[in-house]
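Just so you know, all these numbers are worked out from the coordinates, no wet-lab data involved. Because the structure is predicted, anything quoted here is derived from the model rather than measured. Cβ: placed from backbone, ideal geometry, glycine included. Neighbour counts: every protein chain shown.
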Amino acid sequence: MEKEKIILDVDTGSDDAIAIVCALLSEELEVLGITTVGGNVELKNTTDNTLRVVECCGKGGEVGVYMGSELPLVSTLVPWGIQGLTLPRKEERFNEKVRVHPQHLPLPETKLQPEEKRAANWLVEKLLSMPDHSVTLVPVGPQTNISLAIRTDDRILKKIKRVVMMGGSHDHYAPTQGAEFNVWCDPEAVEIVLTSGLDVTMVSLDATSHAVLNREQAEAIRAIGTAPAKLVADMIEQRLTASEKVLKGAPGQVVGAALHDPLAVCAVTHPEVLKDVRFTSCHVDLGRGYAYGETVLGRNYYGREDENGVVVSLPANCHYAASADAGFFYHWLYDLLAKAKK
Ligand SMILES: [Ca+2]
């Protein structure tokens, strides 16, 4: 069986760490490289955390890590805007003891270094060297790197088979009343991807809010006994604790260890994990009002014409996943980690 070639784009990040483990250990995926972006924590931390996860999986020297953008394209340019006030997420600004995303993952320091080439440059060079429609992009953070690569050389578009992204929302939201974090960080970047003509699957916060694990499941994973399984269990428990102590009761927040980013990796090889997938128009609100960064879905979901030939919504450009099968997801995660032991 030919492995699906993917490039991960991450802001590691507790759930990114699990997504990286899953991608690196999956027998069905070939990870061509990992690009990093500022998001959950600042870029130097997302990059260092990513390198630590690569080492934990025994893939040091095999899978390159390419450092990307610290800041979004546009959203931080107004300094009194909320993105301008809070990004990048510098360590000294966030000194809470219990965090969803630790600045430093609980893994040994690594001697691994990021590659010399930066993310957008590498994306262009690597993709241009590949056959047409051969690479799946899996962005699970702000999409600054990918949008920069598309704007740098649009010949990469025909090399990309599809994009399976974590981000966006309709019914759930965080951190603002309308927007999901990854899209909120860099709204313009996601709109560039959504209007690129690429085949986009949006593993939304609505879907990932169903991919929730509990402490018993974390312990079962820990009992597998490998370093990657221990890391996954630690990250699930970190998210459970943060959810209980920090997020509880916050409007729009999921209570429990929702594993947003790994669900996108699962969806690459097992699309049946996604439920209620709608082929719809989807665009990002780019006004600087209440909905800045919100993903706006076509209301009739199909972008069809009425009997007079009038288009009643924008053309469909996105497979929007609104739900997920939590049991399937957990068993996929457990089996992948247990199989990698052998
Ligand atoms: Ca992420």
| remark: Amide H proximity to residue 133 below 5 Å, modelled H, separation 5+ or other chain, gives 159, 160
| said: How charged is the neighbourhood of residue 30? Take every other residue with its Cβ under 14 Å from the Cβ of residue 30, and add Lys/Arg as +1 and Asp/Glu as -1. | reply: 0
| said: Would region 164-271 count as rounded, prolate or oblate if I go by the C-alpha gyration tensor, calling it rounded below 1.5 in a/c and otherwise prolate when a/b exceeds b/c, oblate otherwise? | reply: oblate
| field | Antiparallel content of DSSP bridges confined to region 4-340, in %, to 5 | value | 30
| task | Just add up the charged neighbours of residue 222: K/R +1, D/E -1, any other residue whose Cβ is under 12 Å from the Cβ of residue 222. | result | -2
| task | With springs connecting C-alpha atoms under 10 Å apart, model the chain as a Gaussian network and identify which of 45, 145, 121 has the largest mean-square fluctuation. | result | 121
| said: Return the equivalent ellipsoid semi-axes of the chain as a descending list in whole Å, where each equals the square root of 5 times an eigenvalue of the C-alpha gyration tensor. | reply: 28, 23, 21
| note | Expressed as a whole-number percentage, the relative contact order of region 4-340 with C-alpha contacts under 8 angstrom and at least six residues apart is 19
| task | Could you work out the longest stretch of the chain that avoids the GluC sites (Glu not before Pro) located in DSSP loops with at most 16 other Cβ atoms within 10 Å? | result | 117-306
| query | Which ³J(HN,Hα) values, rounded to whole Hz and listed in residue order, are derived for region 182-192 from phi using the Karplus coefficients 6.51, -1.76 and 1.60 in 6.51 cos²θ - 1.76 cosθ + 1.60 with θ = phi - 60°, glycine and proline given as x? | reply | 4, 6, 4, 4, 9, x, 5, 4, 5, 5, 4
| task | Find, among the chymotrypsin sites (Phe, Trp or Tyr not before Pro) in region 1-102, those assigned to loop by DSSP (not H, G, I, E, B) with at most 11 other beta-carbon atoms within 10 angstrom. | result | 80
| Under 17 Å from the Cα of residue 126, which lysines turn up, not counting those fewer than eight places away in the same chain? | 5, 117, 158, 159, 161
| Distance from region 39-80 to region 113-192 (C-alpha centre basis), Å | 13
